[in-house]
Amino acid sequence: MSKSAIEVIASRKSVRSYTDEPVSDGDIEILLRAAMAAPSAKNRQPWEFIVVKDRATLDALAGRLKHAKMLAQAPLAIVVCAETMLTLQDGEVVENNFWEQDAAAATENLLLAAEAIGLGAVWTAASDPERSATVCEILGITGTVKPLCVIPIGHPANPCEQPKDKWKPEKIHWNRW
């Protein structure tokens with residue numbers, strides 16, 4: 001029996017330890033389809049995805065991204081990027097002010113899809129200047145496309161791991177601040 005959307009959202013967790021079982025191409029497609037189903041500002045869909053299965057590349061990323069060491073164990077990573085410039089219908093090129101929000105929505109969809117199909121994943125940031133430069137260098141990203149995050153993905157080594165309870169009613173404000 002599959003989980004409801006609410007159950008998937010409530011059970012999503014950051015998984016940082018994986019078995020050595022590879023992620024199937026079918027599962028990768030499920031993740032990418034979910035990511036591309038995300039909303040985007042003016043439906044511009046500026047996202048780009050780099051699927052990394054190459055062990056040497058995963059290890060290179062793990063070696064240089066101090067908050068993504070789990071890539072050394074992960075059989076897969078998906079790097080969520082986005083185009084930071086837009087060409088309008090009249091040919092004018094302008095800054096895409098919403099690239100990070102669009103890529104973040106795609107990332108969350110991908111993370112929820114991973115949870116729904118029994119995979120483990122974790123969002124590791126890559127949009128700050130230092131990490132962005134590292135990811136661009138290792139993956140050959142050029143031009144005006146920028147990485148938002150690197151998502152290590154695999155079959156969870158500890159399938160009994162539980163999500164954190166993040167419910168905090170004190171964070172809710174009704175009608176006004």
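Quick note on segment 23-80: its Rg to Rh ratio, both from C-alpha atoms and Rh being the Kirkwood radius, is 1.05. Taken along the Cα-to-beta-carbon direction at a fixed 7 Å, the label points for residue 166 and residue 54 span 3.3 nm. Starting from the Cα of residue 108, step 7 Å along the direction of its Cβ; do the same at residue 43; then give the gap between the two resulting points in nm. According to this spin-label approximation, the distance is 2.1 nm. Distance between the modelled labels on residue 85 and residue 157, one decimal in nanometres: 4.3 nm (7 Å Cα→Cβ projection). One equal scatterer on each Cα of segment 11-160, no solvent, Debye formula: the resulting log10 I(q)/I(0) at q = 0.13 Å⁻¹ is -0.55. Counting only residues at least eight positions apart within a chain, or on another chain, the lysines with an alpha carbon under 28 Å from that of residue 42 are 146.
Mean residue ellipticity, 222 nm, helices only, the chain: the sum of -39500 (n - 2.57) across DSSP H runs of n ≥ 4, divided by residue count and rounded to 500, is -10000 deg cm²/dmol.
Readers should treat all values here as calculations from the given coordinates under stated rules, not as data from a laboratory. Computed from a prediction, not measured in an experiment: that's the story for all the values here. Backbone-built Cβ (ideal geometry, glycine too); neighbour counts: all protein chains shown.
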